[in-house]
Amino acid sequence: MKIAVGQINTIIGDLSYNKAKILEIYNKGVDDGADLVILPELALVGYPPLDLVEKSEFRAAVNKTANEIASVTGKTGLIFGSILEDDDLIGTDIHNSAVFCSDGKIQFSQHKSLLPNYDVFDEMRYFDPAKEVHIYNFCGENLGISVCEDIWNDENYWYRRRYVNDPVKNLIDKKASIIINISASPYSYGKREDRRKMLSAISSRNSIPLVYACTVGAQTELIFDGASMCFNNKGELVMLGKSFKEDYFIFDTSGSTVITSPIERSFEEEVLNSLIFGLKEYCTKTGFNKVVIGLSGGLDSALVTYIAVKALGKDNVRVLLMPSEFSSEGSIRDSGKLISNLGISSDVISIQPVYETFLAQLGTLFKNKAQDVTEENLQARIRSIYLMAEANKFNYLLLTTGNKSETATGYSTLYGDMSGALAVIGDVYKTDVYRIAEFINRDEIIIPEEIIKKAPSAELSPGQTDQDTLPPYELLDRILRLYLEENKELNEIHRIVGEREVVEKVLKMVDYNEFKRRQAAPVLKVSQKAFGYGRRYPIVQGWRRFYN
């Protein structure tokens, strides 16, 4: 069987656009003599559609559009993801489904069985699971059609499974001769290789060809890397879609060349590419052509600026330098070098006059109170006003520059440096920010070495450094990874890293600053534990009462 795989980039809710994408791939597959054309999970509606599926008008439009697509199909089969409804009056009556079309109509559908409800997933809120699975005979093959999570529960591969049911095993027991999985699997570093190993194991153990069609694109926080895969009946990878790009290819089940090269590059390159892609997608799909960034002379804002240039081009990136009495000459000079290296436009506006005016005006209110973090935060908030004014006036998208380490611990100013539409590196630990910067400079110095080597500082008071408040970033990030991504608690983390007082301090900072993180800009997801809405921690709570 010749199977065409279309790895397309959809827009959530834009049915006309998505329909055109689906039919473009279908017609190409027909022209290329394919027997079957496959597109990803929820290709018609975009993933994740969230509360859109609760709108009856939207569901009716989806049904109409799905039938319009089916009406133009011929003998070549077409599988794409959509939502379908039933009327059993149990649950939501809505399904995340794979739709099979040929000869002018929808011939068959398979609902998704396993509905993920962890990390960034919330499908149980919207969909009902399939009651059972069926194979579909087409062109002499028994097609075993599944949707994304359905294939992530193999009892022979996973040490611990999330579900009792294994839909793919059920399809194989029903004599499926080809396994087809349509997917929208969010990206995180290492996940592509995990997919390959898992899919290969299923294919080889059951001696069955396997087609995995994954969507590509970014939808707010979630980045989808594509990298669709096809395996022969020996479990060998024979087709691989492009990463972070749309793609189309033909998989011939009768034989193809085995791919033996690595399918993932280094951590630094993969994460950098995903962030560039995610930012470009966000701007494209929200209609913004230009961005503005507050450039401080520090590494975080330098990295975000570099990513923005790569995503949008140097002519579409503007930076604003906003020095105060505490800004070092080195920070301004280093920022100038970066601006020159990247060829971007900039403005310099001192916040000092406004800061002094605020201090004078607040003097009577604060009376004889000593200066503290209040005055430090005031500077960050003044800068936010400048940045938002420029963004509003010139229709720029304001990007925040905070990393995961400082976002987690609350080492940022609410309504100050946290202001912005998108947190580009909010899921990247500070130690990884350094790694990525060194990778960028591997062939030529783009981010000035002075920025990379100097001690991190918010420069909000004389001689201030991050380590006045935070532990060294190597220790901090180790604690944060154990706590946020491995769900280890105080005593466990203490046994691993020692430094009990430091561990207590860090965990307290994370928990007590949840109210800040909840108000932060959407975060591009690049880690296995998303630091956007994938973390749902109560703001008001009484856990760890041992804190003073």
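The values are calculated or read from the model by the stated rules, or taken from the named source; none is laboratory data. What you see is a predicted model; the values in this text were computed from it and never measured. Every residue, glycine among them, receives a Cβ derived from its backbone with ideal geometry; neighbour counts consider all protein chains shown.
Inside the range 60-82, can you point out the residues that are surrounded by 19 or more Cβ atoms within 10 Å (Cβ to Cβ) and assigned to a helix (DSSP H, G or I)?
Step one: filter the range 60-82 for residues surrounded by 19 or more Cβ atoms within 10 Å (Cβ to Cβ), giving 62, 66, 69-70, 73, 76-82.
Listed by number, the residues that qualify are VAL62, ALA66, ILE69, ALA70.
Do we find that ARG442 is modelled with pLDDT of 95 or more, under 26 Å from THR220 (Cα atoms) and of a type in the set (Lys, Arg) in this structure?
Values: modelled with pLDDT of 95 or more: yes; under 26 Å from THR220 (Cα atoms): no; of a type in the set (Lys, Arg): yes.
Spelling it out, it is not the case that ARG442 is modelled with pLDDT of 95 or more, under 26 Å from THR220 (Cα atoms) and of a type in the set (Lys, Arg).
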For a quick check of your reading of the model, give me the residue pairs whose first member lies in the range 522-546 and is surrounded by fewer than 20 Cβ atoms within 10 Å (Cβ to Cβ), whose second is at pLDDT below 85 and not basic (Lys, Arg), with beta-carbon atoms closer than 6 Å and at least 6 apart or on different chains.
PRO522/GLY532
Give me the pairs, please: first residue somewhere in the range 247-268 and touching a residue at least 60 places away in the same chain (Cβ under 8 Å) and under 30 Å from ILE425 (Cα atoms), second residue anywhere and in a loop (DSSP other than H, G, I, E, B) and of a type outside the set (Asp, Glu), beta-carbon distance under 8 Å, and either six or more positions apart or on two chains.
ASP247/SER228; ASP247/GLY241; ILE263/ALA227; GLU264/TYR189; GLU264/GLY190; PHE267/TYR189
Examine the range 515-532 for a residue that is more than 30 Å from MET388 (Cα to Cα) and under 28 Å from the mean Cα position of the chain (by Cα), and state whether such a residue exists.
yes
When the range 170-213 is checked residue by residue, the ones that are among the aromatic types (Phe, Trp, Tyr) and over 25 Å from PHE80 (Cβ atoms) are TYR189
Being in contact with a Phe, Trp or Tyr (Cβ under 8 Å, 6 or more places away or on another chain) and either among the hydrophobic types (A, V, I, L, M, F, W, C) or at pLDDT 95 or above (or both) is true for just one of LEU321, LEU342. Which residue is that?
LEU342
Sole residue being touching a strand residue (DSSP E or B) at 6+ places or on another chain (Cβ under 9 Å), acidic (Asp, Glu), buried (at least 24 other Cβ atoms within 10 Å of the Cβ) and in the same structural domain as SER183 (by TED's automatic domain parsing), chosen from GLU85, GLU41, GLU54:
GLU41
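So is PHE58 touching a residue at least 24 places away in the same chain (Cβ under 8 Å) and farther than 24 Å from PRO167 by Cβ or not?
Details: touching a residue at least 24 places away in the same chain (Cβ under 8 Å): yes; farther than 24 Å from PRO167 by Cβ: yes.
It is true that PHE58 is touching a residue at least 24 places away in the same chain (Cβ under 8 Å) and farther than 24 Å from PRO167 by Cβ.
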Is the range 185-192 home to any residue that is crowded, with 22+ Cβ neighbours inside 10 Å and either assigned by TED's automatic domain parsing to the domain that holds ASN273 or among the aliphatic types (A, V, I, L, M) (or both)?
no
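Filter the range 483-502 for residues that are over 30 Å from TYR415 (Cβ atoms) and crowded, with 20+ Cβ neighbours inside 10 Å and give the result. Talk me through it step by step, then tell me what you get.
So in the range 483-502, the residues over 30 Å from TYR415 (Cβ atoms) come out as 486-501.
ILE493, the sole residue that qualifies.
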ARG162, sole failed condition from (1) under 22 Å from TYR47 (Cβ atoms); (2) touching a strand residue (DSSP E or B) at 6+ places or on another chain (Cβ under 7 Å)
(2)
Of the residues that sit in the range 107-125 and are at pLDDT below 95 and among the aromatic types (Phe, Trp, Tyr), which one is surrounded by the fewest Cβ atoms within 10 Å (Cβ to Cβ)?
TYR118
